[in-house]
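See structure below.
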Amino acid sequence: MNIYHISAECYPVAKVGGLGDVVGALPKYQNRLSVNASVIMPWYDRDFVNEHEFEAIFSDEIRLGTQLYRYQVLKNGKVLGFNLFLVKIPGLLDRKEVYGYADEHIQFIAFQYALLHWLCAKKDRQLLLHCHDHHSGLIPFFIEHCDEFEILKGTPTVGTVHNGQYQGWMDWQEAVLMPKFDWNHRGLLDWDGVINPLAALIKCCWAYTTVSEGYLEELFDEANGLETLFFSEKQKAHGIVNGIDFEVWDPSKDPLINHNYQHEEIEGKQKNKKAFCKQFGFSYRLPLFSFIGRLVYEKGADLLPLFIDDMMNTYADKLSFMVLGSGSLAFERELLNLQDAYPGRVAVKIGYDETLSHQIYASSDFLFMPSRVEPCGLNQLYAMRYGTMPIVRKTGGLADTVTDVSLGGTGISFENESVSEVSSAIGKAIAIHKRKVELNRNRKKMMEQDFSWQRSAQKYIDIYKSLI
């Protein structure tokens, strides 16, 4: 059985968030469990693609409405621990960025159309398609209700919801761009009067998963309009917590940090902090807090400037704060203003920098995650792997993976995104930082936790077997 993970992102090819990390690791670990897993994704004009050799294995053309598009499928099976297939379509799937284009909906229709067209030509009946988020959400519908893909009918499909807030909505007039389908089944594409690819995925896939058990329960109550759908299809739902790639995120071997260290020799973390604080003008003796992520409402980024300003005033000269992220221009501007207002205490780097993110995890004492929505969250897992204590709002995967120190856990959690609760959590962290024996004991404990992909990869395989 050939498992194809279909995704818009895959680390290190193209990554915007946690989706890229998951798709870059899960198939590798599944292959080690004797499953033949591969990834199919769009071609991007990225460094990874340009720096590695790819073999063109197939080419043909598809028609979107009145427009013919030539496409290629390229393969690399030597670098990532799994076969990587890229779908390249000049004029659509040949750009640098993953998201953000005005014709994004056409890009993803073309991507799904072309890859199914290719799989039909392969005539491989021993396959299962694992579709990640709305970017591949139309595939289960297409293979069952488009005559063009008749050979794939009956192929098992699994859908994974990494973030239910984004659903790929498009007007019904865009249906003309899709392969011809049985119009009698158009209701499977529809939700609230528009084509909704995420809704179509949940309706049509054989099983769906979410990236934590807690997030599955939350989707029944808050899913940006799809609550009743997730609940009505709950008989085929599974919550599986993401893992992290211990080969990429390993402080004892990480080539991106200044000093490698293990949980037995935690002083290596202090060496990283000294180098980092020198680079950004922080005081090494103060606890270093950090935020890494998208500067969007779901991550609580609208409140982040308010929280940081309160920290700087309530705990004057008692902490430093580092921010790495991008998103809303308004949020970015507010954070940069704080950097100007508190030199040597607040530093902000707009954008995403993989090397810097590793250095932040290795150097920080605490990672701050005030998320309103966090389906699983990987940052808190990376943080604990590097001995950095997460401070999280109790939601979704954060609630599943972080237990408060007062309950014997290795993190700090709070219920609501209020200044008073956040301030209390920060005060708790500062107090822990002063108790060095307790702090180092917690660091060793969190670094010893097993958040690898091994167990989660097996759970996905069990689902595949149940469908086959």
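Structure summary
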read-out: Sum of side-chain charges, Glu97 neighbourhood, beta-carbon under 13 Å (Lys, Arg +1; Asp, Glu -1); value: -1
read-out: Likely footprinting exposure, Val248, Val73, fewest C-beta neighbours within 10 Å first; value: Val248, Val73
read-out: Residue pairs, from the table Lys318/Lys434; Lys28/Lys153; Lys274/Lys434, whose Cα atoms sit over 20 Å apart; value: Lys28/Lys153
read-out: Arg46 paired with Glu448, simple spin-label distance in nm, labels 7 Å along Cα-to-beta-carbon; value: 3.7
read-out: Point-to-point label distance, Cys120-Ala330, nm (Cα→Cβ direction, 7 Å offset); value: 4.6
read-out: The chain - charge dipole about Cα centre, Lys and Arg +1 at Cβ, Asp and Glu -1, debye rounded to 20; value: 1520
read-out: Local net charge near Gly396, Cβ-Cβ under 11 Å (Lys/Arg +1, Asp/Glu -1); value: -4
read-out: Proximal aspartates and glutamates relative to Lys234, as straight alpha-carbon distance under 18 Å, when same-chain residues fewer than 8 apart are discounted; value: Asp133, Glu213, Glu217, Glu218, Asp221, Glu222, Asp462
read-out: Alpha-carbon gyration tensor eigenvalues x 5, square-rooted, for the stretch 381-468, Å; value: 30, 17, 8
read-out: Among Leu177, Gln165, Ile62 - extreme Cα towards positive end, dipole of the chain, charges at beta-carbon; value: Gln165
read-out: Flagged links, alpha-carbon separation over 29 Å, of Lys88/Lys122; Lys78/Lys459; Lys15/Lys428; Lys78/Lys123; Lys436/Lys459; value: Lys15/Lys428; Lys436/Lys459
read-out: Charge context of Asp47, other residues only, Cβ under 13 angstrom, K/R +1, D/E -1; value: 0
read-out: Centroid-to-centroid separation of the stretch 30-97 and the stretch 173-247 [C-alpha atoms, Å]; value: 25
read-out: The chain: relative contact order as a whole-number percent, Cα under 8 Å and 6+ apart; value: 12
read-out: Convex hull volume of the stretch 1-71 per residue (C-alpha atoms, cubic angstrom); value: 131
read-out: Computed lengthening from Gln458 to Lys434, 0.36 nm per intervening residue step minus Cα-Cα distance; value: 4.5 nm
read-out: Calculated SAXS-style log₁₀ I(q)/I(0) at q = 0.07, 0.10, 0.11 Å⁻¹ - the chain, Debye, Cα scatterers; value: -0.37, -0.75, -0.89
read-out: Point-to-point label distance, Gln67-Ser420, nm (Cα→Cβ direction, 7 Å offset); value: 5.5
read-out: Principal axis box of the stretch 313-455, alpha-carbon based, largest edge first, Å; value: 41, 32, 29
read-out: Cut-off 20 Å (backbone N to label point 7 Å along Cα→Cβ of Asp171), residues of the stretch 87-120; value: 100-110
read-out: Packing-based order for 429-440, 344-355, using average beta carbon neighbours within 10 Å, highest first; value: 344-355, 429-440
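Rule-based calculations on the coordinates, nothing more; no lab input. Because the structure is predicted, anything quoted here is derived from the model rather than measured. Don't worry about glycine lacking a Cβ; one is built from the backbone with ideal geometry, like all the others, and counts go over all protein chains shown.
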